[in-house]
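The values are calculated or read from the model by the stated rules, or taken from the named source; none is laboratory data. Everything numeric here is computed off the predicted structure, so don't read it as measured data. Heads up, the Cβs are rebuilt from the backbone with ideal geometry, glycines too, and the neighbour counts pull from every protein chain shown.
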Amino acid sequence: MSHPTRHHTGIHHNWIIVLLGALCVVTPFAIDMYLPAFSTIATEFLTSTPQISLTLSTYFVGFALGQMIYGPLLDRFGRKRPLYVGLVVYILCSIGCASVHSLNALIALRFLEALGGCVAQVGAIAMVRDFFPVKESAKIFSLLFLMIGVSPLLAPTIGSLLIGALGWRAIFLLLAAIATAILLVTFFLLPEGHEPDPTISLRPGPLVLGFWHILREPQFITYTLAGAFSFAGLFAFVAGSPIIFMDGFHMGTKAFGIVFAVLVMGFIGGNQMNVVLLRRFTSQQIFFIALIAQVIVGVLFFAGMHAHVVGLRSTLVLFFVFLSCIGLTYPNSAALALAPYSRHAGRASALLGCLQTGTGALISMGIGMLGAGSVVSLLASTALVALAVLLVGRTAIRQVVESEPDVVVLH
């Protein structure tokens, strides 16, 4: 594994984290802000809420596939130029979403919007390896996921207000405006984390071979897949929450926005607890224990739902604890998966994001096709699969890389 030469500048690390966090919120805002509009859009297009959830599923699919495109480009051309291209595509498609007159058009544009916007998050995750040593990765990921977690506190509420004042189409115009601001900040203030590397081939053969070498790393594939199935619970929550709370418990858009924000506090709390726990425990230890807790909560949720003993209050508590577990598992799985990589961090980050988002996309599509009854079943089953993958995969890892000597680079 190569270690590129790195140089210091006067850019403060906290400022870098804020800029990377700004990039990370592009997709969460695109997902969360329009959730309260599901029933409104369904009424306008004369369809059902589960059908509208397909616009979310196709966004996840585009997000997963787009990362495979941008990963090699981020390694070949540096981090910033691919960011410019992707964000411009995202902005144009967001404006297009605001003017559609059919569900099929909205589904298609959401797919293209994701293809553009995914570069922001995969680029930000790759730049964690550019700017920070491996031993700090889990802590930095937790801070970034704090910013990601704050977006569901704000986005659904903002979306609800926009629906009442200007209609659901205004949500996508605001998304375009936010992305424009982030694009300008990236252009003027974010340093280049990885200089262009002309030795990186963009030919299909070497690209596929490069991805295959990454997939063959036991530590990468174990923690990527285990993290993917654990994180899929969050996708199930996002895709299923409008169905459960608005259709099942008959909440209005404002009440749903508040409930959604409160529940996401569990995810944020887990992330911040992780920062504290890392002072005493390793990422491996935290990930394993949190995953076991997630399995227990998922199984209890499933059993209680099928026994018809879970009401609104129980649902809120179980979702909160379940999301708290994901707040602990995801940053540690991401840090452990990417730890062996430096020079190819862009491709490793892209593959990580593709596999994890692709898993989430399948889960959300399942909810869109199967309806509300599948949400809790998927919560429990994905957590169980994650634990099984971890237990089997760990037997193939000779020695887990959690930290290595690294010099921080700020170009």
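Would you check if there is a residue in the stretch 146-158 being assigned to a helix (DSSP H, G or I), modelled with pLDDT of 85 or more, surrounded by fewer than 24 Cβ atoms within 10 Å (Cβ to Cβ) and among the hydrophobic types (A, V, I, L, M, F, W, C)? Scanning the stretch 146-158, I find at least one residue that is assigned to a helix (DSSP H, G or I), modelled with pLDDT of 85 or more, surrounded by fewer than 24 Cβ atoms within 10 Å (Cβ to Cβ) and among the hydrophobic types (A, V, I, L, M, F, W, C), so the answer is yes.
Checking S99 against (1) buried (at least 24 other Cβ atoms within 10 Å of the Cβ); (2) in contact (Cβ under 8 Å) with a residue 60 or more places away in the chain, which test does it fail? Unmet for S99, out of (1) buried (at least 24 other Cβ atoms within 10 Å of the Cβ); (2) in contact (Cβ under 8 Å) with a residue 60 or more places away in the chain: (1). Is the stretch 211-222 home to any residue that is in contact (Cβ under 8 Å) with a residue 60 or more places away in the chain and in contact with a Ser or Thr (Cβ under 8 Å, 6 or more places away or on another chain)? For the stretch 211-222, residues in contact (Cβ under 8 Å) with a residue 60 or more places away in the chain and in contact with a Ser or Thr (Cβ under 8 Å, 6 or more places away or on another chain): absent.
Residue count for the stretch 293-321 satisfying the condition of being assigned to a helix (DSSP H, G or I), more than 12 Å from V376 (Cβ to Cβ) and among the hydrophobic types (A, V, I, L, M, F, W, C): 8.
Taking the numbered list (1) out of contact with any Lys or Arg (no Cβ under 6 Å at 6 or more places or on another chain); (2) in contact (Cβ under 8 Å) with a residue 12 or more places away in the chain in turn, T58 passes all entries but (1). Remark: K139 matches the filter, which requires a residue to be modelled with pLDDT under 95 and either part of a loop (DSSP other than H, G, I, E, B) or within 20 Å of the chain's Cα centre (by Cα) (or both).
Considering the conditions (1) within 17 Å of A350 (Cβ to Cβ); (2) assigned to a helix (DSSP H, G or I); (3) over 17 Å from the mean Cα position of the chain (by Cα), Y90 is excluded by exactly one of them, (3).
Beta carbons closer than 9 Å, at least 6 apart along the sequence or on distinct chains, pair a first residue in the stretch 179-196 that is closer than 14 Å to C24 by Cα with a second that is part of a helix (DSSP H, G or I) and charged (D, E, K, R) for T186/K80; L190/K80.
Quick check on this structure: which one of P72, P82 is closer than 17 Å to C24 by Cβ, in contact (Cβ under 8 Å) with a residue 12 or more places away in the chain and either assigned to a helix (DSSP H, G or I) or over 20 Å from the mean Cα position of the chain (by Cα) (or both)? Every option except P82 fails the conditions.
L202 falls short on exactly one of the conditions (1) closer than 24 Å to V89 by Cα; (2) modelled with pLDDT of 90 or more, and that condition is (2).
The single condition from (1) modelled with pLDDT of 90 or more; (2) closer than 20 Å to F267 by Cβ that F60 fails is (1). Checking each residue in the stretch 200-215 for being over 23 Å from the mean Cα position of the chain (by Cα) and of a type in the set (A, V, I, L, M) picks out I200, L202, L207, V208, L209.
Within the stretch 97-116, the only residue that satisfies the criterion of being assigned to a helix (DSSP H, G or I), over 21 Å from the mean Cα position of the chain (by Cα) and of a type in the set (G, A, S) is A105.
When you go through P28, P50 one by one, which is the residue that is more than 21 Å from V122 (Cα to Cα), assigned to a helix (DSSP H, G or I) and either among the polar types (S, T, N, Q) or touching a residue at least 24 places away in the same chain (Cβ under 8 Å) (or both)?
P50
Answer with yes or no whether V122 is under 21 Å from S333 (Cβ atoms), β-branched (V, I, T) and out of contact with any helix residue (DSSP H, G or I) (no Cβ under 6 Å at 6 or more places or on another chain).
No, not satisfied.
Put simply, of F249, F235, F220, F288 the only residue that is at pLDDT 85 or above and either surrounded by fewer than 22 Cβ atoms within 10 Å (Cβ to Cβ) or within 27 Å of L312 (Cβ to Cβ) (or both) is F288.
Taking the conditions (1) more than 18 Å from A348 (Cα to Cα); (2) surrounded by 21 or more Cβ atoms within 10 Å (Cβ to Cβ) in turn, T47 satisfies each one other than (2). When the stretch 317-360 is filtered for residues that are buried (at least 24 other Cβ atoms within 10 Å of the Cβ), polar (S, T, N, Q) and at pLDDT below 85, the ones remaining, listed by number, are S349, Q356, T357.
Among the residues of the stretch 121-151, those identified as touching a Ser or Thr at 6+ places or on another chain (Cβ under 7 Å) and farther than 16 Å from S283 by Cα are Q121, V122, I125, A126, V128, R129.
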